[in-house]
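Data block below; observations after.
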Amino acid sequence: MFRSIVSGVIMRLSDCLPRASRAVLNVDDADGVVAVGGSTGHARRAGALRRQRGFTLLEMLVVLVIAGLLVSLASLTLNRNPRTDLNEEAQRLALLFESAGDEAQVRARPISWLPLEGGFRFDIRTNDGWRPLRDDLLGPRHWEGGVTGVTIDYPGSDTHSDRIVFGTESIDTPVKITLFSAAGHVTIVGTGNGRYEVR
């Protein structure tokens, strides 16, 4: 009985002591024996606790973030639909057409869009003829979305055109531009009021 009382008091005291002082007092829970000085049993338990520590929360979060990024990148590259790529290229082109129409009105000079092999460019009309634009928005670009061909049709006209001209007026001639790829085709329709829709 005396042994268990002393053991309980020392255990409570050891909880209050700093870590270095706790190593000096060793309490064996199984039989209530209190030993002064380090013992191999205590060292064994402390070593086992250190080995079982595992990963910190921060380490686990970093691993989860990296794994999530890798999974999302893999799913994007594996599930990419060529038809979606073609539609996205048509949407980009429709926005560029609207920007080119606005730019032609601001500059008070016609701007044209010319499809080329492997890409396209926008030209501006000068006194010397058509000159390629070199700015960031309307500079030459390569096709994206697997585009392999383009047709330009003006409804009600039998003539074939190789370029679209954006005039200095807000009202323009309606036009249909069809982009072709291995996945199919998509049409951009210019309504004549400066807006372009993908259909």
- Might you check whether a residue that is in contact with a helix residue (DSSP H, G or I) (Cβ under 9 Å, 6 or more places away or on another chain), charged (D, E, K, R), on the phi < 0 side of the Ramachandran plot and exposed (fewer than 12 other Cβ atoms within 10 Å of the Cβ) occurs anywhere in the range 143-155? no
- Message: Quick check on the range 126-137. Is at least one of its residues surrounded by 13 or more Cβ atoms within 10 Å (Cβ to Cβ), under 21 Å from residue 192 (Cβ atoms), out of contact with any Lys or Arg (no Cβ under 8 Å at 6 or more places or on another chain) and not charged (D, E, K, R)?
- Response: no
- residue 100 passes all but one of the listed conditions (1) buried (at least 18 other Cβ atoms within 10 Å of the Cβ); (2) touching an Asp or Glu at 6+ places or on another chain (Cβ under 9 Å); the exception is number (2)
- Message: On the basis of being over 25 Å from the mean Cα position of the chain (by Cα) and basic (Lys, Arg), does residue 109 make the cut?
- Response: yes
- Message: Pull out all pairs, ordered by first then second residue, where Cβ-Cβ is under 9 Å, the residues are six or more apart or on different chains, the first lies in the range 126-149 and is within 19 Å of residue 101 (Cβ to Cβ), and the second is part of a loop (DSSP other than H, G, I, E, B) and among the basic types (Lys, Arg).
- Response: 126/109; 130/163; 140/134
- Message: Just the residues that are of a type in the set (Ser, Thr, Tyr) and either over 20 Å from residue 121 (Cα atoms) or modelled with pLDDT of 95 or more (or both), please, taken from the range 155-172.
- Response: 157, 159, 170
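The values are calculated or read from the model by the stated rules, or taken from the named source; none is laboratory data. Predicted model only: the values in this text are computed from it and were never measured. We place every Cβ from the backbone using ideal geometry, glycine too, and count neighbours over all the protein chains shown.
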